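Quick notes on the structure that follows.
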Amino acid sequence: MFFVLLCFNHLFFLEKTIGSVSFPGNSTGSATYFPGKLKNSSKDSCFGRYVYVHDLPKRFNEDVIKDCQLITRPTDRFSMCKSLENSGFGPRIRGSNGSESWKNGWFSTNQFMLEVIFHNRIKKYDCLTNYSTLASAVFVPYYAGLDLRRYLWRSDVSTRDSTGIDLVDWLTRKPEWKRNLGKDHFLISGRIARDFRRKSDRKSDWGSNFRLLPGSENMTMLTIESGSSKNDVAVPYPTYFHPSTNFQVHEWQQFLRKQNRPHLFSFAGARRSKQKGPIRAEIINQCQASNKLCNFLDCASSSNKCDDPATLMNLFRNSIFCLQPPGDSLTRRSTFDSILSGCIPVFFHPGSAYTQYVWHLPKDHNKYSVLISGKDLRAGKVGIKQRLQQISKDEEQAMREEVIKLIPRILYGDPRSRLDTIGDAFDLAIKGILKRIEMLTKENIKI
């Protein structure tokens, strides 16, 4: 009897202290804290929110970016080595003449750095656990897009595919995988989903076969553009603004509300071939014929400044509407740059936003954007200037306010600090993935 009572007392002591114990040696490289009690306790603030991060071999992430020149392309504004600075945000932007608008939280961020940005951010997530049995989701910190970028233009398909094949082999041997066959696993990609779904082994075909591998298809991939698969979910492209405080966000929003916008609409882009983008030629023609109501930034000119954050943000900040036609794919980073500038996006295909960012953008797309049929535009049935001039000033003001309110939802905050009350793009992605995985595991849905 004495022995039984002693055991009960020991268990009671463990239960009372588990909420503040530090567990060193977790896979993210810093101590993990459990804010509440064990799983299934109603007092556990992390119940249903625990995330376990796989401690992958370095070849799947750190080694990918170690030789950063290998992931640098001739078209990049500067070396990807510089893009890795500041937790993946890139070099800090310094405004000229002491400009207040560039004072805090602005970086020259490369869109392909999302994998590094997300990984650094999840290391600071408040409900990490070293115990995978407690976890509601398992994060796989594989830099899939950056890995593919090393070999995409210069190697045969076996080289492009090899790391992904090795990763799936590594994962499927782990006990965490066997519990739900990978349905509770997720990863992030800074490339579009289509880049990982090459269907043949012809060297001329684009991308890798990573997401078609048995096993990989069970995981959820968060990606800047989803495709036809239900296990690819779109999240916002990274922008140039990565605030560290709520005040920085509110200050920027207030600045935008007072901004004078002399141009009715603007477009930053270049003409494409007739096969890839006939709609762009029509947009540029209408913009140039608009009698200065449209501001056009030509990304094909010798003085191309479309990768310069200051030039691009000033263009959008001085415009009421920003045109966002499809590019190489349906979506564009420019969409999120325009929202960040308080500029109302104008889409020409619903797949450019409405069917993509369902966790981050409102279901009622008329509240924050305009849709013009690309087919009608090409057929001459609608004019951009005429359509936008039909929108009343009250409607325009309401839409712009909705866009400005969306700004926190499309930002990736600085992981070196914390936004106290604002849910940013990372927070919404984690919330969405936890809800999705709960649904998949509870209902035992086959992906």
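The values are calculated or read from the model by the stated rules, or taken from the named source; none is laboratory data. Just so it is clear, the structure is predicted and the values come from calculations on it, not from any experiment. A quick note on method: Cβ atoms are made from the backbone with ideal geometry, for glycine too, and the neighbour counts reach across all protein chains shown. Areas reflect the complete protein model, heavy atoms only, side chains present, ligands, DNA and RNA absent. Shrake-Rupley method; radii C 1.70, N 1.55, O 1.52, S 1.80 Å.
Points to keep in mind about this one:
- Wholly enclosed helices (runs of 4 or more DSSP H) of the range 52-150 bearing at least 1 residues in contact with an Asp or Glu (Cβ under 6 Å, 6 or more places away or on another chain): 62-66
- Test: LEU222 is closer than 30 Å to CYS306 by Cα, buried (at least 20 other Cβ atoms within 10 Å of the Cβ), in contact with a Gly (Cβ under 9 Å, 6 or more places away or on another chain) and in contact (Cβ under 8 Å) with a residue 60 or more places away in the chain: yes
- Filter result for ARG409 (basic (Lys, Arg), open to solvent by less than 40 Å² (accessible area, probe 1.4 Å), farther than 22 Å from PHE267 by Cα and modelled with pLDDT of 95 or more): no
- Residue in the range 159-180 that is least open to solvent (accessible area, probe 1.4 Å), counting only those that are over 17 Å from ARG211 (Cβ atoms), part of a helix (DSSP H, G or I) and not β-branched (Val, Ile, Thr): GLU176
- Looking across the range 348-359, the residues that are closer than 19 Å to PRO326 by Cβ and of a type outside the set (Gly, Ala, Ser) come down to PHE348, HIS349, PRO350, TYR354, THR355, GLN356, TYR357, VAL358.
- Total residues in the range 230-257, condition free of Cβ contacts under 8 Å to residues at least 60 places away in the same chain and either more than 24 Å from LEU419 (Cα to Cα) or buried (at least 19 other Cβ atoms within 10 Å of the Cβ) (or both): 1
- Only listed residue being assigned to a helix (DSSP H, G or I) and in contact (Cβ under 8 Å) with a residue 24 or more places away in the chain, chosen from LEU377, LEU419: LEU377
- Matching residues in the range 181-219 - criterion: being basic (Lys, Arg), without any contact (Cβ under 8 Å) to a residue 24 or more places away in the chain and open to solvent by 30 Å² or more (accessible area, probe 1.4 Å): LYS199
- Leading residue by the ranking (farthest from the chain's Cα centre (by Cα)) among those in the range 347-379 that are surrounded by 14 or more Cβ atoms within 10 Å (Cβ to Cβ) and charged (D, E, K, R): ARG378
- Pick from the range 380-404, criterion in contact (Cβ under 8 Å) with a residue 60 or more places away in the chain and surrounded by fewer than 18 Cβ atoms within 10 Å (Cβ to Cβ), ranking: nearest to GLN259 (Cα to Cα): GLU401
- Check on GLU438, among the acidic types (Asp, Glu), touching a residue at least 40 places away in the same chain (Cβ under 8 Å) and either open to solvent by 10 Å² or more (accessible area, probe 1.4 Å) or closer than 30 Å to VAL51 by Cα (or both): yes
- Verdict on GLY342 being in a loop (DSSP other than H, G, I, E, B), under 27 Å from the mean Cα position of the chain (by Cα) and under 21 Å from ARG400 (Cβ atoms): yes
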